[in-house]
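**Q** Below is one structure. I have some questions about it.
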Amino acid sequence: VSLKAVIGQPLAVELAERWLVRRTVHPFLFYGPDGVGKKTLALELAKTLNCLSPAKPEDACDACAACRKIKGGLHPDVRVVDFALQAAEREEALEKQQTLRIETVLNERRRLLQSPLEGRWKVSVIDEAHRLTPDAANVLLKILEEPPERTAIFLLTPFRDRLFATLVSRCQPVRFRRLSDEEMRQVLRRFEHQEDSPLGSGPSLMRVIELALGSPGRALHMSREDQLQGVLEAEALWQSLAGQPPSQVLGKADGRGKTRPTRADVEARIRCLLLPAARALRAGELEASRSVQWIEDALLKLRHNVQPGLVFEQLLLKLAASQKVVQ
Ligand SMILES: [Zn+2]
């Protein structure tokens, strides 16, 4: 039941199944786009390692107390080390977490050096491993060099090449890929029948699949966080930019008018523009890679305290001008 929950990653699942037969202590590096199943697979493996009534040794029942605890993030031997955990440990706001710090990794090290509390295996999932500070990475490296008995460690990241090479060399790398539209539908269908399903059906579901670029996680996020509206607006904005004179374009930057947009508003609107730009890129439009670059530059500028409104205007002008050339 359990590993089959990971759709669209046959290579990763096959590797995981082979590993389950041997169960050597060897850290894994799961890398690939956000929201395509890296954390899901790590946690499904954690279930298999700790399931109380497995139907066969390489599969979890998904129903016993251990499986349910892992699913709910409540198992004492299975931990996801991420910004949320760090914020809780430091009693700080989540938004304040920009890096994974040495204290967080030291805490995890202490935990891993103890015997399991109630399971058979300790599992550590280090999310966004590219955000480790250099000294945090050093501590982690020490753990990876001599992992404690019956400990499974998973490093997750979308950016394998931003990770310290020493860390990468200690792990077995496993690549995760974007899902096809059909695989996306398969994953999302599971959520459709839930009572509080965030997903619509019919055209809006199709739209979400199209815009999520092969990431079910992103599709769910878009629907849950009410981002779909923002995405649809960005889409309309993108379409309307082609060949507009500057005065018209600047009108669009004001958006819904009324109040002055905050930095967060502007950032969200610019981020949404990445979706149509990325799709244009995928469709092989020549100007699209430049557009994506401009959008990313704009996001960077926002972080460096440049006037948000101004950054947005300049971006729209550039995009409009480049689309004019295309048409
Ligand atoms: Zn179980």
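**Q** Just to be sure I understand: with springs between alpha-carbon atoms less than 10 Å apart, which residue in 35, 73, 284 has the highest mean-square fluctuation in the Gaussian network model of the chain?
**A** Result for the chain, Cα springs under 10 Å: 284 fluctuates most.
**Q** With Kirkwood's inverse mean 1/r over C-alpha pairs for Rh, give me the Rg to Rh ratio of the range 116-184, two decimals please. Show your work: numbers first, answer last.
**A** Details: Rg = 14.2 Å, Rh = 13.6 Å.
My calculation puts Rg/Rh at 1.05.
**Q** Quick one: which residues, 5 or more positions from residue 152 or on another chain, have an amide H under 5 Å from its amide H? H modelled 1.01 Å from N in the peptide plane, none for Pro or chain starts.
**A** For residue 152, whose amide H was placed from the backbone, the distant partners under 5 Å are 122, 123, 124.
**Q** Additional query: On the accessible surface of the chain, probed at 1.4 Å, how many percent belong to carbon and sulfur atoms?
**A** Carbon and sulfur: 52 percent of the exposed surface of the chain.
**Q** OK, next. Sort all Cα-Cα distances of the range 58-166 into consecutive 5 angstrom bins from zero, then give the percent of pairs in each bin up to the one containing the longest distance.
**A** 2, 11, 21, 24, 19, 13, 8, 2
**Q** Hey, rough spin-label estimate for residue 268 and residue 229, points 7 angstrom out along Cα→Cβ, what's it come to in nanometres?
**A** Result: 0.8 nm between the two label points.
**Q** Using the Karplus equation 6.51 cos²θ - 1.76 cosθ + 1.60 (θ = phi - 60°), what ³J(HN,Hα) coupling, rounded to whole Hz, does each residue of the range 22-27 give in order, writing x for Gly and Pro?
**A** 8, 6, 6, 7, 8, x
**Q** To continue, here is another question. Per residue, how much accessible area does the chain have with a 1.4 Å probe, in Å²?
**A** 53
**Q** Additional query: What length, rounded to one decimal in nm, is gained on full extension from residue 95 through to residue 306, with 0.36 nm per residue of separation minus their alpha-carbon distance? Please list the in-between numbers first.
**A** On the way: separation 211, 0.36 × 211 = 75.96 nm, distance 1.97 nm.
Taking residue 95 through residue 306 to full extension adds about 74.0 nm, to one decimal.
**Q** Would you mind getting the Kirkwood hydrodynamic radius of the chain from its Cα pairs, rounded to one decimal in Å?
**A** For the chain, the Kirkwood estimate is 21.9 Å.
**Q** Enter the accessible area of residue 304 (Å², nearest 10), with the probe set to 1.4 Å and all protein chains included.
**A** The value for residue 304 is about 130 Å².
**Q** May I ask you to give the average projected area over all directions of the convex hull of the Cα atoms of the range 27-102, in nm² rounded to one decimal?
**A** Approximately 6.4 nm², given one-decimal rounding.
**Q** Could you tell me which of the pairs 4/122; 38/71; 39/301; 96/122 are separated by over 20 angstrom between their Cα atoms in the structure shown?
**A** From the list (4/122; 38/71; 39/301; 96/122), the Cα-Cα distance tops 20 Å for 4/122; 39/301; 96/122.
The values are calculated or read from the model by the stated rules, or taken from the named source; none is laboratory data. Because the structure is predicted, anything quoted here is derived from the model rather than measured. Positions of Cβ are backbone-derived with ideal geometry, glycine not excepted, and every protein chain shown enters the neighbour counts. Surface accessibility is based on the protein's heavy atoms, side chains included, excluding ligands, DNA and RNA. Shrake-Rupley method; radii C 1.70, N 1.55, O 1.52, S 1.80 Å.
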